[in-house]
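Report on the structure given below.
Here, each number is a calculation from the coordinates, and none is a lab measurement. Worth saying up front: this structure is predicted, and the values here are computed from it rather than measured. Note that we place each Cβ from the backbone using ideal geometry, even for glycine, and neighbour counts take in every protein chain shown.
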Amino acid sequence: MKDTKTLYILVPCYNESEVLPLSSKVFRDKLMQLIDDGKVSADSKIAFVDDGSKDNTWSIIESLHELDPIFVGVKLSRNRGHQNALLGGMATIVKDCDMIVTIDADVQDDVNAIDKMVDEYYNGAEVVYGVRDSRETDTFFKRFTAQGFYKLMNAMGVETIYNHADFRLMSSRAVEALLEFKEVNLFLRGMVPLVGFKTAQVTYDRAPRMAGESKYPLKKMLTFAFDGITSFSIKPIRLITSLGAVALILSILFAVYALISHATHHTVPGWTSTVLSVWFFGSLQLIATGVVGEYIGKIYLETKGRPRFFIEKYLNK
Ligand code: UDP
Ligand code: MG
């Protein structure tokens, strides 16, 4: 019989007092079932991270912990956003467990998928991505903006898993690796694939929020997408260089046209030289900006000081 491992279910909470009394029961039932099935060890926990909530989220977490030690709590000193709450929570609990499942407080993600995630963990996967099968329960607006988000990210060269948010299982080794990333602009969906190791995917249907309102209005989502792109990709800089190159080609074509017009006296004096210089120097400036940007992009990536590699195995006997 395989020895069972310790699972911590990590739940970031920001002003979730409406949903916590309901969702804590769902998480507890799930974890108790996993323990009863002998899939995870009896010291497994549900860890709530209070991300500087302004309502009584933290006092709910405190009383849950008092009533039942299966619940544990981590409190951030102030609101630092979903991604920081996740990473801060992981850093705090990683030493106490063998695997962490991160899931939103509103139970939009199907807790039953955790069974399959744990199975994949025992099959050797160190990162198991929860992938949404359908978005039928999302509003048209949410679906449209969210899918546009994934497409834009991919077009900009950020490697992400399509329709995967932050519902995933990670082994403690993968979490330790993730904690080696010292960048402050966090975009976990882009960072986790950089960690590597054996991965797997588990699909599930996404449900509507159990209670309360989304903490991700369009403005936050756009900021998030913009942060994701600018933290991971220097493609926007390359676009400037390409634009300059296109402008240069156009300026050559235009030069031919202008010179012909000039030769056939279809122009007013001074027009040809003015127009040609505007086009030519305009394109040169774009290219020059792009080249400078290329170096800034390099400096930017260097300053992140990202880990260069992780060793998965070392055979030496
Ligand atoms: N959240 C957080 N800090 C924030 C905003 C959100 O910890 O500043 C948490 C929130 O409590 C929830 C998760 O992040 O557990 C996802 O938020 P939400 O469900 O509102 O986003 P949506 O599903 O609408 O994209
Ligand atoms: Mg949600």
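For Glu183, project a label point 7 Å along Cα to C-beta. Then give me every residue of region 146-163 with its amide nitrogen under 11 Å of that point.
Under 11 Å, as judged by backbone N against the label point of Glu183, lie 158-159 of region 146-163.
Calculate the translational D of region 227-271 in whole µm² s⁻¹ from Stokes-Einstein, where the hydrodynamic radius comes from the Kirkwood formula applied to all Cα pairs, the temperature is 37 °C and the viscosity 0.692 mPa s.
It comes out at roughly 250 µm²/s.
Express in whole angstrom the spacing between the alpha-carbon centres of region 266-317 and region 102-171.
Rounded to whole Å, the Cα centres lie 33 Å apart.
Kindly provide the GluC sites (Glu not before Pro) of region 235-317 that DSSP labels as loop, not H, G, I, E or B, and whose Cβ sees at most 11 other Cβ atoms within 10 Å.
Sparse-neighbourhood loop GluC sites (Glu not before Pro): Glu312.
Rounded to the nearest 0.05, what FRET efficiency is calculated for Asp119 and Lys317 with R0 set to 35 Å and r the Cβ-Cβ distance?
Working from the Cβ atoms, E equals 0.70.
Okay, helix-only estimate at 222 nm for the chain: each DSSP H run of n ≥ 4 adds -39500 (n - 2.57), divide by all residues, round to 500 deg cm²/dmol; what do you get?
-16500 deg cm²/dmol, from helical runs alone.
If I require 30 Å or longer along the helix axis, counting alpha carbons, and a Kyte-Doolittle average no lower than -1.0, what helices from the chain are left? Use full DSSP H segments.
Correct list, ordered by number: 235-263, 271-303.
Of all alpha-carbon pairs in region 58-211, indicate the percentage at a distance above 28 angstrom.
Result for the distance tail: 22 percent.
As an exercise, identify the chymotrypsin sites (Phe, Trp or Tyr not before Pro) in region 266-317 lying in DSSP coil whose Cβ has no more than 13 other Cβ atoms within 10 Å.
Phe309, Tyr314
How much length is gained on full extension from Phe149 to Lys54, taking 0.36 nm per residue of separation minus their Cα-Cα distance?
This chain segment gains 31.3 nm when fully extended.
In whole percent, what relative contact order does region 208-317 give with Cα contacts below 8 Å and a gap of six or more residues?
36 percent
Compute the FRET efficiency between His266 and Val291 as 1/(1 + (r/R0)^6), taking r as their Cβ-Cβ distance and R0 = 35 Å, and round to the nearest 0.05.
Calculated value: 0.45.
Need one number: nm distance between label points at Glu66 and Arg80, each 7 Å from Cα along Cα→Cβ, rounded to one decimal.
With each label placed 7 Å out from Cα toward Cβ, I get 2.7 nm.
Quick one: P(r) of the chain from all Cα-Cα pairs, 20 Å bins, percents rounded to integers, in order of increasing distance.
Final binned percentages: 27, 46, 17, 8, 1.
Can you compute log10 of I(q)/I(0) for region 116-191 with the Debye formula, treating each Cα as one identical point scatterer, at q = 0.13, 0.14, 0.16, 0.26 Å⁻¹?
The Cα Debye sum returns log10 ratios of -0.50, -0.57, -0.73, -1.22.
For region 20-54, which trypsin sites (Lys or Arg not before Pro) pass both filters: DSSP loop (anything but H, G, I, E, B) and at most 10 other C-beta atoms within 10 Å?
Of the trypsin sites (Lys or Arg not before Pro), the ones in loops of region 20-54 whose Cβ has at most 10 other Cβ atoms within 10 Å are Lys54.
Given that compact globular proteins tend to follow 2.2 N^0.38 Å, what is the ratio of the alpha-carbon Rg of region 1-129 to that value?
That ratio works out to 1.00.
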